[in-house]
Structures are given as structure tokens and as C-alpha cells.
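Colleague: Got a structure for you, questions after.
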Amino acid sequence: MKSPVRVLLIGAAGRMGKTVVDLARNDPTIDIVARCDLGDPIEPAMKNCDVGIDFSHPDAITEICRSALRHNKPLVIGTTGHSQERRRTIEEAAQSLPIVFASNFSIGVNVLSWLTRKAAELLGRDFDPEIIETHHKMKKDAPSGTAKTLAEILKTTRKMENEVPIQSIREGDVVGEHTIIFSGPGERLELTHRAASREIFARGALRAARWIIGKPAGRYSMQDVLGL
């Protein structure tokens, strides 16, 4: 039997971090050997892991990438809300390290992304796209990282100059809902994904952590992990 993947979990005290910990307890292929949160030193823990999983805060990404580069460790980054400068930090690190950088680790959402691209190709310019996303009221970034990713897919596929309209709703304890609307003459197509539990994101992140081991340097998406 192969040894379990040794994981450094950054952001372990957050909602997603706690869910990852709970799932890993029952997963013999994963061993969370260290947990860090904002303000904790990352350096000692990074040295002794096989892969780092980040569900912390955008402010931590520079230190995370610096430590991963120093010890040549792959990363799975699930934190959203990065500025352009911080995204460049990730891109630069990916020139030397394998990094899975995804706004959403759900299998269903990644299939939704694939369907969105196909729908945009098939429906053509007569159908105007719009995105509506809903999350719990504690979520800080808006629009969500997933909504931004979907908008970028639409914009690139359609070669649009204008931005795709995004409506962000923050209410209750909604885990996450994303709907892409294509409004055409006399008809309307909607593609929707609803998350019922954070476990779907944690399960995807652990799958990405197992997958990224041994991969060449580069920035990978969850669709790469799933083979979509």
C-alpha cells in the first residue's frame, strides 16, 4: 500500500479548513501532518510535507509561494479574492512548481464550466449571457471566484469586449449557487449548480493534492485534475 500523502493545511481553522480536516480523518490516502493559520510560521511545516493546501487568506499567498519554492513543494490553492499582483505571484511560482489554482474544487461546478463553454459556442451571439451567484452572508469577496471564472470563460469563448453582467447575492447560510443565463429571442437557457455541503469542495481539494504529486511545473486547473 502506498504511503499517504503528507499535507500541510493552511487555513485549518476556517470553514473550508475544518471540512478538509474532517474528511481527511476517514481518508487513508491523506495525512494532515501540519496545520497553519494566518500569522503562524509556514516555513517549518512546509519542509516536512508532500503538498500544501491553501484555504487561508489572499494576504498569505506571498509567504506560501516563497516557502513552497524554497522547499520545492507543490501547492493546491483554493483561496479566492486575490489581486492581480497576488495572481502574478502564483503564476511566477508555477514556473518552478506544479500548482493547482482553482476558484472551485467541486466536480459539478467544473462540469458546469465545461457546459458553459459549449453553450456559448453553440448558442452564438443571439443569446446574451448573465451570471447570478448566491453565497452565505459571511463570504467576503463578491463576485465569487467561481463567477469570475465563468465570466472569463464566456468572455473568451465569445470574444466579448464588454464584461459579463454578474449579480451577487449574500444571504443566510447558502453554501454556493451559480446560474448562467443565456437570453435569446423567444427563449432562455439556464445552467445552475447548487452546493449543499462544503464537503464537495474539500473532497475535490484532496483529490487535487493526490493528483499534483510528481507533476511537472505549471499552473493547473481543477479541469486538468478531472481530465475535462
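The values are calculated or read from the model by the stated rules, or taken from the named source; none is laboratory data. Computed from a predicted model, the values in this text were never measured in an experiment. For neighbour counting, all protein chains shown are included, and Cβ atoms are generated from backbone atoms with ideal geometry for every residue, glycine included.
Colleague: Hand me the list of strands (runs of 3 or more DSSP E) wholly inside the range 162-228 holding 2 or more residues that are closer than 17 Å to Pro143 by Cβ, in contact with a strand residue (DSSP E or B) (Cβ under 6 Å, 6 or more places away or on another chain) and of a type outside the set (Lys, Arg).
Modeller: Once the strands (runs of 3 or more DSSP E) in the range 162-228 are filtered for at least 2 residues that are closer than 17 Å to Pro143 by Cβ, in contact with a strand residue (DSSP E or B) (Cβ under 6 Å, 6 or more places away or on another chain) and of a type outside the set (Lys, Arg), what remains is 166-170, 176-184, 187-195.
Colleague: Something else: Could you figure out which of (1) touching a helix residue (DSSP H, G or I) at 6+ places or on another chain (Cβ under 6 Å); (2) within 28 Å of Thr19 (Cα to Cα); (3) without any contact (Cβ under 8 Å) to a residue 60 or more places away in the chain isn't true of Ile53?
Modeller: So the condition that Ile53 fails would be (3).
Colleague: Scan the range 10-29 and report the pairs whose first residue is closer than 18 Å to Cys49 by Cα and whose second residue is among the basic types (Lys, Arg) and surrounded by fewer than 17 Cβ atoms within 10 Å (Cβ to Cβ), with Cβ atoms within less than 9 Å and a gap of 6+ or a chain change.
Modeller: Ala12/Lys18; Thr29/Lys2
Colleague: Can you find, within the range 131-158, the residue that is farthest from His82 (Cα to Cα) among those that are in a helix (DSSP H, G or I) and polar (S, T, N, Q)?
Modeller: Thr157
Colleague: Kindly provide the set of residues from the range 140-188 that are among the acidic types (Asp, Glu) and over 20 Å from Glu121 (Cα atoms), ordered by number.
Modeller: Hits for the range 140-188 are Asp141, Glu171, Asp173, Glu177.
Colleague: When only residues in the range 186-201 that are modelled with pLDDT of 95 or more and not β-branched (Val, Ile, Thr) count, which is farthest from Cys49 (Cα to Cα)?
Modeller: Gly186
Each row is one residue, and each column tells you yes or no for (1) over 24 Å from Val20 (Cα atoms); (2) β-branched (Val, Ile, Thr).
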| position | (1), (2) |
| --- | --- |
| Arg88 | yes, no |
| Gln95 | yes, no |
| Asn104 | no, no |
| Ile107 | no, yes |
| Thr116 | yes, yes |
